[in-house]
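Below you'll find the structure, written out as C-alpha cells, and then a few comments.
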Amino acid sequence: MKRTKAEYNNLLKLAKETALEAGSLLIKYQKQLGKLQVESKKALGVVSEADVNSEKLIIKKFKNFDSSFNFLGEEGHYQNHGESKIYNESEDNLWIIDPLDGTSNYLSGLDLYCICLALVDKGSVVLSVVYAPALEEMYYAVKGEGSFYQKSNSKPKKLKCSKIPKLKDSLLVTGFVSEKGSVFEHEFSLFREIMTKCRGVRRLGSAALDICFVAKGVLDGFWERGLSPWDTAAPSLIATEAGYKISDYCGKKYSPFDETVLCCNKSIAPSLKKILNK
C-alpha cells in the first residue's frame with residue numbers, strides 16, 4: 001500500500017501517542033500487583049485485565065483514526081483461535097499488536113516489559129513503535145527512514161549497527177520456547193554451545209526489548225524459536241533500519257510469521273547460523 005511521507009508521519013505520531021496512553025494504563029495496573037503478591041491467581045487476573053484493556057485501548061484509538069485498519073493482536077487472537085497459529089500473512093493495512101510483552105516481568109515488578117505496534121503491508125513491516133513505559137524508553141522506525149531511540153522527553157537518537165567483528169567478543173540475548181521436552185532440550189544445547197563461543201548471553205524476558213537493545217547497540221545479537229508475530233514484528237523493523245541483519249535461523253529474509261528469528265550484525269551472522277542449524 002503506497003503512502004506519502006506525510007501519511008507515514010501522521011501514522012507514526014498516532015502510534016507514539018497510542019503507545020504512551022497504553023503505557024500509562026499498564027503502569028496503573030502494575031501498581032495494583034504489589035497488594036496481590038500472596039494471592040497469585042488474583043495477580044494473574046490483574047495482568048490479564050491489563051493485557052486485554054491495553055489492546056482494546058490501542059485498537060479503539062487506531063479505529064477512530066482509520067476504520068479500514070485490520071488488526072492482529074495477541075489477546076484478540078488468543079480469544080478467537082487459542083494457541084493455534086492461524087494468520088492472514090498477506091493482509092494489507094494490518095496492525096500487529098502486543099499490548100504487553102514481558103508479562104512475567106510485569107507480574108514480578110521488573111521493568112523490562114513493553115508495548116509493540118507494527119504496521120504491516122502484505123507481510124512486510126513498514127512502521128513500528130516499541131515503548132517500555134517503566135523505563136520511559138521508546139524505539140521507533142519507518143521503513144527506509146532509519147530507526148530511533150528516545151528516553152522520556154529527550155532528543156531522539158538515531159540507532160546504528162554494532163560493529164563487533166567476532167562472535168567471541170559479542171554479548172548476546174535469547175529466550176527459550178515454553179514447550180518442554182525434545183524441542184526445549186535441543187534449544188538448550190544450542191544455548192550451551194553459543195555460551196562457550198561468545199562473551200556472554202543474557203535472558204531478559206521480553207523478545208521485543210531484546211531486539212531493541214540489539215538495535216541500540218548495548219547487545220550484539222538475538223536468537224529465539226517459537227515466537228509469535230506480535231513478539232517480533234515491531235522490533236524487527238527497528239533493528240533492520242539500524243543496519244542489522246534479521247532472518248530466520250537459515251538466513252531466509254525475515255517475516256513476522258517465521259518460526260525462528262536471528263538478529264545480529266553481518267559479521268557474526270555466519271557463526272551463529274552455523275551453530276543454530278545443527
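The values are calculated or read from the model by the stated rules, or taken from the named source; none is laboratory data. The model shown is predicted, which means the values in this text are computed figures rather than measured ones. Methodologically, a virtual Cβ is constructed for each residue, glycine included, from the backbone with ideal geometry; neighbour enumeration extends over all protein chains shown.
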Out of curiosity, is G200 touching a Leu at 6+ places or on another chain (Cβ under 9 Å), more than 17 Å from Y149 (Cα to Cα), surrounded by fewer than 17 Cβ atoms within 10 Å (Cβ to Cβ) and at pLDDT 95 or above? yes
Would you be able to say whether some residue in segment 119-141 is surrounded by fewer than 21 Cβ atoms within 10 Å (Cβ to Cβ), in the same structural domain as L272 (by TED's automatic domain parsing) and on the phi > 0 side of the Ramachandran plot? no
For segment 106-118, how many residues meet the condition of being of a type in the set (A, V, I, L, M) and either surrounded by fewer than 24 Cβ atoms within 10 Å (Cβ to Cβ) or assigned by TED's automatic domain parsing to the domain that holds A207 (or both)? 3
Might you check whether a residue that is out of contact with any Leu (no Cβ under 8 Å at 6 or more places or on another chain) and closer than 18 Å to K163 by Cα occurs anywhere in segment 222-238? no
Just name the residue that is nearest to the chain's Cα centre (by Cα) out of those in segment 222-278 that are of a type in the set (D, E) and in a helix (DSSP H, G or I). D231
D220 being under 23 Å from V142 (Cβ atoms), among the acidic types (D, E) and surrounded by 24 or more Cβ atoms within 10 Å (Cβ to Cβ): no
